[in-house]
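I have placed the structure first, in the form of structure tokens, so that the comments after it can refer back to it.
The values are calculated or read from the model by the stated rules, or taken from the named source; none is laboratory data. Values in this document were obtained by computation on a predicted structure and should not be read as measured data. All Cβ positions, glycine included, derive from the backbone under ideal geometry; neighbour counts span all protein chains shown.
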Amino acid sequence: MSTLGVVHTVFSFLAILFGALVVLLDKGTRWHRTWGHLYAVCMMGLAVTALFIYRLTGSFGPFHIFALVALVTLGLGMGTVLLRRPRGSWMEAHATWMSWSYVGLLAAFAAESLTRFVMPLVATTLAERGLWGAFWGLVGFASFAVAGIGSQIIKRRLPDALASTPEAMRRERAELREARSAASDELAVD
């Protein structure tokens, strides 16, 4: 694997990890923002490096298009939260775009896993029997299956996650106030 491929792979696995933490933790908290920023940096890194990898097809192809889509969903997700737009619904827009960013990452992981690990094992058989079209159909099916499952999870879980966001933010602010108060009380005693 080339240096670029290694960098791309590291960004990919880190994005999967940080994205999972963002999905699993309360929304709107300091940890959500911290892991979210790391996710965004890794997504940017993996999408940009993907645009420079041509080993599989030798030219601009579907994986490059998906890298551009990843940059767009990431940009829209981060843009909504940074600009607080659209006014009144920026939080929902941010959560939706970022959720689709993560689903896209997992769909790309499915496609990459098939092309990197399965394809080398069956390439000779695919070539001998003329089954390359079926293989690429399987890659597409796997990616769309992940996206379909992700869509259902987003539809079911995102409304509850958004509903709990203000409470998580209030709870975190209260904890920070208590910590500051305890620290200032401690300084006053000294």
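Assorted remarks:
- Residue in the stretch 125-142 that is among the β-branched types (Val, Ile, Thr), surrounded by 14 or more Cβ atoms within 10 Å (Cβ to Cβ) and under 17 Å from Leu25 (Cα atoms) present: no
- So Leu74, is it under 30 Å from Arg170 (Cα atoms) and free of Cβ contacts under 8 Å to residues at least 24 places away in the same chain: no
- Long-range neighbours under 7 Å by Cβ, at least six apart or interchain, first residue touching a residue at least 40 places away in the same chain (Cβ under 8 Å) and farther than 10 Å from Gly45 by Cα within the stretch 1-17, second of a type in the set (Val, Ile, Thr) and surrounded by 14 or more Cβ atoms within 10 Å (Cβ to Cβ): Leu4/Thr49; Leu4/Ile53; Gly5/Ile53
- Filtering Leu105, Leu114, Leu121 for residues that are free of Cβ contacts under 8 Å to residues at least 60 places away in the same chain and surrounded by 12 or more Cβ atoms within 10 Å (Cβ to Cβ) leaves a single hit, Leu114.
- Verdict on Arg87 being touching a residue at least 40 places away in the same chain (Cβ under 8 Å), surrounded by fewer than 13 Cβ atoms within 10 Å (Cβ to Cβ) and either of a type outside the set (Ser, Thr, Tyr) or assigned to a helix (DSSP H, G or I) (or both): no
- Where Trp100 falls short, out of the listed (1) farther than 23 Å from Gly75 by Cβ; (2) surrounded by 11 or more Cβ atoms within 10 Å (Cβ to Cβ); (3) not charged (D, E, K, R): (1)
- Checked against the criteria, Leu82 counts as closer than 24 Å to Arg171 by Cα, part of a helix (DSSP H, G or I) and without any contact (Cβ under 8 Å) to a residue 12 or more places away in the chain.
- With respect to (1) more than 22 Å from Val146 (Cα to Cα); (2) within 11 Å of the chain's Cα centre (by Cα), the lone exception for Leu17 is condition (1).
- Those residues of the stretch 52-78 which are modelled with pLDDT of 90 or more, over 17 Å from Phe109 (Cα atoms) and not hydrophobic (A, V, I, L, M, F, W, C), in sequence order: Gly75, Gly77
- Top-ranked residue in the stretch 23-47 [being at pLDDT 95 or above and within 26 Å of Arg170 (Cα to Cα); ranked as surrounded by the most Cβ atoms within 10 Å (Cβ to Cβ)]: Tyr39
- For Asp26: the one exception among (1) in a helix (DSSP H, G or I); (2) over 14 Å from the mean Cα position of the chain (by Cα); (3) closer than 28 Å to Asp160 by Cβ: (1)
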